[in-house]
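The values are calculated or read from the model by the stated rules, or taken from the named source; none is laboratory data. None of the values given here were measured: they were computed from a predicted structure. Cβ atoms come from the backbone with ideal geometry, glycine included; neighbour counts cover every protein chain shown. With ligands, DNA and RNA removed, areas are computed over all heavy atoms of the protein, side chains included. Shrake-Rupley method; radii C 1.70, N 1.55, O 1.52, S 1.80 Å.
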Amino acid sequence: MILGYIAVFAPLVAFLLAGILGRKCGDKFSQFVTCTAVLMAAAASVQLFFTVILGSNPHTLPVMTWISSGNFNVDWALRVDQLSVIMMCVINIVSSCVHIYSIGYMSHDESKSRFMAYLSLFTFAMLMLVSADNILQLFFGWEGVGLASYLLIGFWYHKDSATAASIKAFVVNRVGDLGLLLGIFTTFIVFGTIQFDGIFNAVTDHTADRFDFFGYQIHALTLICVLLFVGAVGKSAQLGLHTWLPDAMEGPTPVSALIHAATMVTAGVFLVSRFSPVFEYAPDALMIVCVFGAFTAFVAATIGMTQFDIKRVIAYSTMSQLGYMFFALGVSAYSAAMFHLVTHAFFKALLFLGAGSVIHAMSDEQDMRKMGGIWKKIPVTYAMMWIGSLALAGVPFFAGYYSKDLILESDWASDSPVGHFAYYMGIAAALMTAFYSWRLIIMTFHGKPRADHHTMDHVHESPLVMIVPLLVLAVGAIFSGSVLYGGFAGIPHQKTVESKATEIDEIESEMKEATQDQMEHIIKSESADAIHETVWNKEAFFGKSIVVLPEHDSVAKAHHVEKWVKLLPTIVGAVGIFLAYLAYMFIPSIPAAMVRIFKPLHILFFRKWFFDELYHIVFVKTAAALGTFLWKRGDGQVIDGLGPNGVAALSQKVSTVLSKFQTGFVFQYAFMMMIGLMVLVTWVAHAMGLFDLIPQFLNMR
């Protein structure tokens, strides 16, 4: 029971201690407290993996009564099921690596305590999101992640670019959050509850419901899913609301690893997976999710091929890989999407922290055009970047190979038009991913040094406190795919039915002849085998935390697709790597020639499909013009003109007129007094109704 509380609340305690006592107790105190707490949370999460997933023991931990208003009651509780535990493990393990790495990376920063506190706050907010037992609690964590990301992206607030990037991330995410809020409201109206169990258990009773949305009758479950997906689009940087993601690189590199690898950007994937019982009955919403993911994967990959900032290349790679996860969700391959979420967390955090090690070695230089020829000086970082790139490109038998291929095979196996469309878009993105991954490797580490002599003289390997987290993540980037494939992909235990029957006969005969101690040993041994077999069954691995209708189970069908479907991702990956070597190592004149030949296309990709320029014209300029109009005309001329300024001007004019009567002559004052007396008498007579008696008096005469 206590493990769930430790896994979630340990980072909160660390944030409070570092935030309150950091200045008084010093930077080392903050680093020790935050790192220890998140390591405790990671250890608790791993233990929960064994008890909840391997032991099939999902449970809910009460915290307190949160809201009690009339008949509306909301309890704060931790939902510790298989889906939550998977996310807890990923979040806490990667966050532990980022915390420890930050000790070395931020060693020269003056605000280390504040930075470590923000990291722990971010980790806690994400843990609250994934452990929520109701949709309102999920929204609390959702907004907490947004707040913490704002603080971390704009951590170096003395830089105008960092401040602008943090505001951009906050504002763009508000657009998605509006959709999420509307989805929460619609869910409550349709189901009458915000508790997950209450919603999911009642889904089948509302499959035919219609909802009046702005005057249109819409299928209620489809509307709920689309609105929730809008929230996911913002948080997970899908096409349209993705523009905040590359600008978020203005934050310190550990922030990039935490936000773009395991935590914030995966919140949308988790949200859709959590609501799989609802999405399964909203096929139109799933189709939208699939199409959005396919376009996102393709567009982000095209942009990544043309960027020169090492962190931005990896950022667009993140956006592309998130697209993979979403077009897996769109064909009900929730376990495949979660599988890629897990493997991606390891190799993408490895790439970001490896890039941070490069930047650290290059005296804060991030432009790959000013690097090159440094692999011998930082061999460990070089090896780590190779491992991360191999996993990202889906090279056998690294982690990304298993999860990315499972997604592509599931999309093809769905046997739907959108699934086949997503497969081909994913293949194109896989080709480009392999290309820009080795473009990064070659430009950064190989060739002649392009930095100045002063920078090259100071190139050095990162300290051990930064290298150890890279080694931990590298283990995950290599082995997480092969080790976890069975559980996520749904491969049953290797034993056949016939061998299992034979084994049962053997066990029965053994137990007949065994002593009491031997029987206990046999029972324990068979229980362990049963647990192992259950783990590598997808349905048992996820339990009831993910729901897939039998006719939608594309992951199960993926194991039976044609051989070329399975081989094509690996082939295009190899082609992409070969083209990168050809263009950037063997014939370095090719890139310049390609830019000249395909100049319009290169401009489109390099300028990021002009999303920022388009949004600036449509939204920023329009909002600025509207604001100026309301300021000058509305506020200045109408409100101020008729309000305080107008009243003050009128008072001044009246006082100017009245001041003319202040002449100092007694007769003029007496005349004014007479006029005033006449006005007063007239008013009193009118009030008393004396004027009404005049006609009667005249008639009497």
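Per Stokes-Einstein, at 20 °C and 1.002 mPa s, what whole-number D in µm² s⁻¹ belongs to region 578-670, with the Kirkwood radius over Cα pairs as the hydrodynamic radius? Can you show the working numbers first?
Numbers: Rh = 20.2 Å.
D, rounded to a whole number, is 106 µm²/s.
Tabulate in residue order the Karplus-calculated ³J(HN,Hα) for region 656-667, using 6.51 cos²θ - 1.76 cosθ + 1.60 with θ = phi - 60°, rounded to whole Hz; enter x for Gly and Pro.
Those phi angles translate into 5, 5, 5, 5, 5, 7, 8, 9, x, 8, 5, 5 Hz.
Explain nothing, just compute: Karplus ³J(HN,Hα) = 6.51 cos²θ - 1.76 cosθ + 1.60, θ = phi - 60°, for every residue of region 310-321 in order, whole Hz, x for Gly and Pro.
4, 6, 6, 4, 5, 5, 5, 5, 4, 4, 5, 5
Amide H to amide H under 5 Å from residue 132: which residues, 5+ apart in sequence or cross-chain, H placed 1.01 Å off N in plane?
When sequence neighbours closer than 5 places are left aside, the close amide H contacts are 79.
Given the pairs 377/404; 376/599; 632/653, which span a C-alpha to C-alpha distance of over 29 angstrom in this model? Present the calculation step by step, with values, prior to reporting the outcome.
Details: 377/404 33 Å; 376/599 35 Å; 632/653 24 Å.
Over 29 Å Cα-Cα: 377/404; 376/599.
With axes computed from alpha carbons, what is the tilt in degrees of helix 220-235 against the longest principal axis of the chain, rounded to the nearest 10 within 0 to 90?
Helix 220-235 sits at roughly 90 degrees to that axis.
Cut-off under 21 Å on the C-alpha distance; same-chain residues fewer than 8 positions from residue 28 excluded. Which lysines are left, in chain and number order?
List returned: 112.
Dipole of the chain (Lys/Arg Cβ +1, Asp/Glu Cβ -1, origin at the Cα centre): which of 234, 328, 78 lies farthest to the positive side?
So the residue furthest toward the plus end is 234.
What's the center-to-center distance, using Cα atoms, between region 23-97 and region 298-355 in Å?
Computed from Cα coordinates, the inter-centre distance equals 25 Å.
Please give the net charge around residue 60, taking every other residue with its beta carbon less than 13 angstrom from that of residue 60, where Lys and Arg add +1 and Asp and Glu add -1.
Numbers: positive: 79, 544; negative: 75, 81, 133, 197.
With Lys, Arg at +1 and Asp, Glu at -1, the net is -2.
Just to be sure I understand the model, the point goes 7 Å from the Cα along the line to the Cβ. What's the resulting residue 21 to residue 479 distance in nm?
Result: 3.6 nm between the two label points.
Please report the relative contact order for the chain, taking Cα pairs under 8 Å with a sequence separation of at least 6, and give it as a percent rounded to a whole number. Mind showing how you got there, number by number?
On the way: 1109 pairs, mean separation 85.4, N = 701.
With pairs under 8 Å counted, the relative contact order is 12 percent.
Hey, for a label at residue 158 modelled as a point 7 Å past Cα toward Cβ, could you say which residues of region 246-275 have their backbone N under 13 Å away?
Taking a point 7 Å out along Cα→Cβ of residue 158, no residue of region 246-275 has its backbone N under 13 Å.
Given the Cα-Cα distance of residue 593 and residue 622 and 0.36 nm per residue of separation, how much length would full extension add, in nm? Could you put the intermediate results ahead of the total?
Numbers: separation 29, 0.36 × 29 = 10.44 nm, distance 3.93 nm.
6.5 nm is the gain from fully extending residue 593 to residue 622.
Once you put a point 7 Å from the Cα of residue 606 and another 7 Å from the Cα of residue 668, both along the Cβ direction, what distance in nm separates them?
For residue 606 paired with residue 668, the spin-label model returns 8.0 nm.
Over the Cα atoms of region 284-364, each weighted equally, I'd like the Debye log10 I(q)/I(0) at q = 0.18, 0.24, 0.26 Å⁻¹, rounded to two decimals.
-0.76, -1.06, -1.14
Using a 10 Å cut-off on Cβ atoms, rank the peptides 355-361, 154-160 from the highest mean neighbour count down. Show your work: numbers first, answer last.
Working: 355-361: 23.7, 154-160: 14.6.
Per-residue mean Cβ counts within 10 Å order the peptides as 355-361, 154-160.
On average over all directions, what projected area in square nanometres does region 111-175 have, based on the convex hull of its Cα atoms? Can you show the working numbers first?
Numbers: hull surface 17.6 nm².
It is 4.4 nm².
At most 13 other Cβ atoms within 10 Å plus a DSSP loop assignment makes a site exposed; report the longest stretch of the chain without any exposed GluC sites (Glu not before Pro).
On the way: sites that count: 110, 562.
Longest gap between qualifying sites, sites excluded: 111-561.
Only Lys, Arg, Asp and Glu count, each charged at its Cβ (+1, +1, -1, -1), so figure out the dipole size of region 538-663 about its Cα centre, rounded to 20 debye.
About 380 debye.
In region 31-128, what trypsin sites (Lys or Arg not before Pro) fall in a loop by DSSP, with at most 15 other Cβ atoms inside 10 Å?
Working: sites: 79, 112, 114; in loops: none.
Those that pass, being in a loop and sparsely packed, number zero.
Net charge near residue 445, counting Lys/Arg +1 and Asp/Glu -1 over other residues with Cβ under 11 Å of its Cβ?
Working: positive: 376, 377; negative: none.
Neighbourhood net charge equals +2.
Only loop residues by DSSP count here, and only those with at most 15 other Cβ atoms within 10 Å; note down the chymotrypsin sites (Phe, Trp or Tyr not before Pro) in region 613-662 that meet that. Don't skip to the answer; put the middle values down first.
Details: sites: 615, 619, 629, 631, 661; in loops: 661.
Answer in residue order: 661.
Dipole magnitude of the chain about its Cα centre, charges +1 at Lys/Arg Cβ and -1 at Asp/Glu Cβ only, in debye to the nearest 20? Write down the numbers at each step before the final one.
Details: 42 positive and 49 negative charges, 673 e Å.
Roughly 3240 debye for the chain.
Can you order the peptides 34-40, 69-75, 378-384 by their average number of other Cβ atoms within 10 Å per residue, highest first?
Values: 34-40: 22.3, 69-75: 10.3, 378-384: 19.7.
In descending order of packing, they fall as 34-40, 378-384, 69-75.
Would you kindly state how much longer the chain becomes between residue 216 and residue 364 on full extension, computed as 0.36 nm times their sequence separation minus their alpha carbon distance, in nm to one decimal? All intermediate terms of the calculation are to be shown ahead of the outcome.
On the way: separation 148, 0.36 × 148 = 53.28 nm, distance 5.42 nm.
Answer, rounded to one decimal: 47.9 nm.
Farthest toward the dipole's positive end in the chain, which of 44, 656, 598, given Cβ charges of +1 (Lys, Arg) and -1 (Asp, Glu) about the Cα centre?
Farthest towards the positive pole: 656.
Can you give the translational diffusion coefficient of region 557-612 in µm²/s, computed by Stokes-Einstein from the Kirkwood radius over Cα pairs at 4 °C and 1.567 mPa s?
Working: Rh = 14.0 Å.
D, rounded to a whole number, is 93 µm²/s.
With a 1.4 Å probe and every protein chain left in place, work out the accessible area per residue of the chain in Å², rounded to a whole number. Let's see the in-between values first.
On the way: 31520 Å² over 701 residues.
That works out to 45 Å² for each residue.
Hey, how much of the P(r) for the chain falls beyond 52 Å, as a percent of Cα pairs? Let's see the in-between values first.
Details: 55675 of 245350 pairs.
Of all Cα-Cα distances in the chain, 23 percent exceed 52 Å.
How much length is gained on full extension from residue 460 to residue 68, taking 0.36 nm per residue of separation minus their Cα-Cα distance? Show your work: numbers first, answer last.
Working: separation 392, 0.36 × 392 = 141.12 nm, distance 5.84 nm.
Going from the current span to full extension adds 135.3 nm.
Which far-off residues, 5 or more places away or on another chain, put their amide H under 5 Å from the one on residue 66, with H placed in the peptide plane?
HN-HN under 5 Å from residue 66: 74, 75, 76.
Among residues other than residue 374 whose Cβ falls under 14 Å from its Cβ, what is the net charge (Lys/Arg +1, Asp/Glu -1)? Numbers along the way, then the final one.
Details: positive: 369, 370, 376, 377, 448, 450; negative: 365, 367, 452, 457, 461.
Once all neighbours under 14 Å are counted, the net charge is +1.
With the Cα gyration tensor of region 29-143 giving a ≥ b ≥ c as the square roots of its eigenvalues, does the rule (a/c under 1.5 for rounded; else a/b larger than b/c for prolate; else oblate) give rounded, prolate or oblate?
Values: a/c = 2.98, a/b = 1.51, b/c = 1.98.
Taking the square roots of the gyration eigenvalues as a ≥ b ≥ c, region 29-143 is oblate.
Charges on Cβ only, +1 for Lys and Arg, -1 for Asp and Glu, centred on the Cα centroid of region 316-436; of 386, 431, 414, which one is farthest towards the dipole's positive end?
In region 316-436, that residue is 386.
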